[in-house]
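**Student:** Below is the structure I would like to discuss, written out as structure tokens.
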Amino acid sequence: MLRTFRQHNIRVTELLDGPWDFAKDPLNAGLEEKWFERFPHSPQTLYVPSCWNNELGMYEYEGVGWYRKKIVLASEQHVRLIFHAVQGHSDVYLDGQHLGYHYGGFTPFEFLVPSLAAGEHELIIRTDSTLDRFTIPSEQVDWFHYGGIIRSVELQFLPDLYIEQLKIDYELQGAEAEVSVQVQLRSLLTTALATRLVLSEGGQELHAEDVQVKAGQIVNHVIKLRLADVRLWNVGKPELYTFQLRTEHDDKIERIGFRTIETKDHRILINGAPVYLKGVNRHEEHPEWGFAFPPKLMHKELDIILELGCNTVRGSHYPQSSYWLDLLDENGLVFWSEIPIWGCFLPNETVSEPLFRDRALTMIEEMIGTHYHHPSVVFWSVHNEIDTRTQEAYAFTEALIGLVRKLDTSRLVTYATMHPLEDILLPLFDVIGINKYFGWYEGEVSGFKGMLEQFHQRAEQLGAGDTPVLMTEFGGAGLFGDVGWEPRLFSEDYQAHIVTEALNIFRADPKIGGTYIWQFADIRGDLKSSSRNFRDRARGFNNKGLVNEYRKPKQSFREVRRIYQSWTD
Ligand code: ADA
């Protein structure tokens, strides 16, 4: 299930979810289309979507994995193959032909195959989950980077003239919206074709016209509309609009929400009203599914997060599923979306490497393209904890921010810094996120007060004194079930103590606009990286969750619920 609503009523689509042939290729034999024949044993079966590290004998496997699936067409068809997320490097082959390569992990990529003949076809994907200095995330990272096809593979059957793109923008003046609908039509025909183009919302026709498309042409078309008395999407009170664009043989459905985003007096304003953000950091990860987090569990996750009293979630540290964002849209939560640059141990030189920079830019473009219409998305974040004290980071960040602003002027651009008192990037952003662990990695939890005083002074000096500041990470580990009479290190009691003290300090600071606790649930750590960098990862897990990895509440959950539910403004 990709979305909570249908994206097409006319276009025929099919998910290739289910059993695929799979073989790991630890020696990276570089086999071509006949690879299965060269393996001494028959391939195993793996369910797609999933992560191979959740299967027996592959807990730690990092490297190459080959997937194969048969596709059968009853007649010749134009097909589009969409890979909604594959970890790392992917090479896709159809009937032995290389369709293309993609690097990424959490965003979709696709291939168009016009006039694919009737009959049986063999689809093969070679994926490589290996991390190195120039991958994103790079080789030192504090979460387990599962391998595999982690989100659905979709097969679409396209008509000769199809809707390639539907992008909806709007400007709000009071309750009136000026809507601009950008349409891209593409012809796969050798002759010209005319079609009727109809745009409707909630079943009501808003616009219709006849369009001519020449043979093989791509046509860009803009439809302008004025909508009166729009119902605004608000935090806790969401209102959504579902637009359908259709031609005679194709359609595309997108859902949006109308709202404005601004910042003022250190706060985030939604529709002109300040919202104090009460949030958690969420990895889309589970011990049984890895990153292939099932939609059913997302519903429960959402219920738990709402029960906690949250009005926002940070998608740490990578673009999360569209299904999850649909749920946030429908429930009126604010979302922070970021690309997986995790910079705590990233060597400084890496951010100046063209390959690394290009990968980051592509990830930004794909993230924004994928999640553009979700009203819940308020923040685009470009990196987490890189060395923000350096000129290299400055130049890199300018390039990333430049791209975000080119692609989307309606949202806030942000990042998370671990060097708040030395950071030279403060003036570049609309919102500043601070990650700090007083009470855990450094000093007493009360240390936050002095740090924040110094930070505010410094922000003022750098000309960023009015920029809203969010506490994007803070907390400590609490091993589930370890409770006692006093708050010992690693106990649930100590974790609850740090988190509650920190929340009270932040709430008393008028320059802080919201809090994201690290983290919602315990997650599996990357042992290679953890053993080198962290000695505190008991069980090989990052145990700073308010709930454990199976979403059972710790003491900190109950304390935070009490606090978040009492913050009513
Ligand atoms: C960092 C990082 C998180 C996590 C956290 C921790 O701030 O952004 O991903 O690693 O520290 O638990 O130490």
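A short reminder: the numbers here are calculations on the coordinates, not readings from a lab. Remember, predicted model here, so these are calculated numbers, not experimental data. Counting neighbours? That spans all protein chains shown, and the Cβs are built from the backbone with ideal geometry, glycine included.
**Student:** Treat the stretch 262-566 as a sphere of radius equal to its Kirkwood radius over Cα pairs and apply Stokes-Einstein at 10 °C in a medium of 1.306 mPa s; give the translational diffusion coefficient in µm²/s, rounded to a whole number.
**Tutor:** 82 µm²/s
**Student:** More than 16 Å apart: what percent of Cα pairs in the stretch 331-397 qualify?
**Tutor:** 50 percent
**Student:** Considering the Cα trace of the stretch 12-158, what is its radius of gyration and what is Dmax, both in angstroms?
**Tutor:** Values for the stretch 12-158 (Cα only, Rg and Dmax): 15.1, 48 Å.
**Student:** Let me ask another. At 222 nm, what helix-only mean residue ellipticity would the chain give, in deg cm²/dmol to the nearest 500, using -39500 (n - 2.57) for each DSSP H run of four or more?
**Tutor:** Working: 9 runs with 112 residues, N = 569.
About -6000 deg cm²/dmol.
**Student:** For T45, T568, what ranking results if the residue with the fewest other Cβ atoms within 10 Å of its Cβ goes first?
**Tutor:** On the way: T45 11, T568 7.
In increasing order of surrounding Cβ atoms, one gets T568, T45.
**Student:** What whole-number distance in Å separates the alpha-carbon centres of the stretch 216-270 and the stretch 500-569?
**Tutor:** 34 Å
**Student:** D for the stretch 82-186, whole µm²/s, Stokes-Einstein with Kirkwood Rh over alpha-carbon pairs at 4 °C and 1.567 mPa s: what number?
**Tutor:** In µm²/s, the coefficient is 77.
**Student:** For the Cα atoms of the chain, what angle does the longest principal axis make with the long axis of helix 295-307, in degrees from 0 to 90, nearest 10?
**Tutor:** 30 degrees
**Student:** For the chain, give me the percentage of DSSP beta bridges that are antiparallel, rounded to the nearest 5 percent.
**Tutor:** Of the beta bridges lying entirely in the chain, close to 75 percent run antiparallel.
**Student:** Let me ask something else. Could you work out the relative contact order of the stretch 107-188, using alpha carbon pairs under 8 angstrom and six or more residues apart, expressed as a whole percent?
**Tutor:** Taking the mean separation of contacting Cα pairs over the length of the stretch 107-188, I get 21 percent.
**Student:** Can you give the angle from 0 to 90° between the axis of helix 447-461 and the longest principal axis of the chain, with both taken from C-alpha atoms, to the nearest 10?
**Tutor:** 70 degrees
**Student:** Give me Rg/Rg_expected for the chain, where Rg uses Cα atoms only and Rg_expected = 2.2 N^0.38 Å with N residues.
**Tutor:** 0.99
**Student:** Further question: Take every Cα pair under 8 Å in the chain that's 6+ residues apart, average their separations, divide by the length, and report that relative contact order as a whole percent.
**Tutor:** Relative contact order comes out at 12 percent.
**Student:** If you don't mind, another one. I'm a student and want to see the number: the projected area of the Cα convex hull of the stretch 446-569, averaged over all directions, in nm².
**Tutor:** Taking a quarter of the hull surface, the average projection is 9.0 nm².
**Student:** What does the convex hull of the Cα atoms come to per residue for the stretch 161-249, in Å³?
**Tutor:** 95 Å³
**Student:** Another question, then. Test of understanding: ordering Y47, Y146, Y550 by Cβ neighbours within 10 Å, fewest first, what list do you get? Walk me through the numbers on the way to the answer.
**Tutor:** Details: Y47 15, Y146 23, Y550 11.
The fewest-first ordering by Cβ neighbours comes to Y550, Y47, Y146.
**Student:** Now for a separate question. Provide L56, L188 in ascending order of the number of other Cβ atoms located within 10 Å of each residue's Cβ, fewest first.
**Tutor:** L56, L188
**Student:** Do you know the relative contact order of the stretch 216-259, to the nearest whole percent, from alpha carbon pairs under 8 angstrom that are 6+ apart?
**Tutor:** For the stretch 216-259, the relative contact order is 34 percent.
**Student:** If you count the DSSP beta bridges with both ends in the stretch 262-566, what percent of them are antiparallel, to the nearest 5?
**Tutor:** Roughly 25 percent of the DSSP beta bridges within the stretch 262-566 come out antiparallel.
**Student:** Along each of the three principal axes of the Cα atoms of the stretch 274-313, give the extent in whole Å, ordering the values from largest to smallest.
**Tutor:** In descending order, the Cα extents are 38, 15, 12 Å.
**Student:** Exposed loop trypsin sites (Lys or Arg not before Pro) only (DSSP loop, at most 14 other Cβ atoms within 10 Å): please give the longest stretch of the chain free of them, not including the sites.
**Tutor:** 232-487
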